[in-house]
Amino acid sequence: MTPSPPEITDASEQFVASLMDTNLYSMGAYFSDQHPGLVDEVIELSLAIEKAGLRGYSTANEIPVEETFQTLLTGLAVRYYKAVAG
């Protein structure tokens with residue numbers, strides 16, 4: 001039988017635990033687990049997209065805006081996962 005996780009009683013610990021129960025966290029965890037070699041690259045790309053803007057990056061790199069958005073969202077998810085998980 002698997003032991004139960006310890007009960008969290010501290011309010012700040014409960015808050016951090018609640019951050020792990022989101023789709024963004026799950027998406028970041030999945031990407032990080034499945035593609036560990038691409039984590040740094042997707043983070044760098046998402047930062048570049050943030051700096052240039054979605055349409056600006058898409059146009060400058062001749063990438064469809066939908067693909068650019070997907071890369072941005074994946075990078076944000078991975079950064080969120082890393083920030084919460086440590």
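Computed values, structure above
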{"quantity": "Extension reserve of the L24-E62 stretch, reckoned as 0.36 nm per residue once the Cα distance is removed", "calculated": "11.0 nm"}
{"quantity": "Environment charge of T71, counting only residues whose C-beta is closer than 15 Å and scoring Lys/Arg +1, Asp/Glu -1", "calculated": "-4"}
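Read the figures in this text as sums done on the coordinates, not as results from a lab. Computed from a predicted structure; not experimentally measured. Note: ideal-geometry Cβ built from the backbone for every residue, glycine included; neighbour counts use all protein chains shown.
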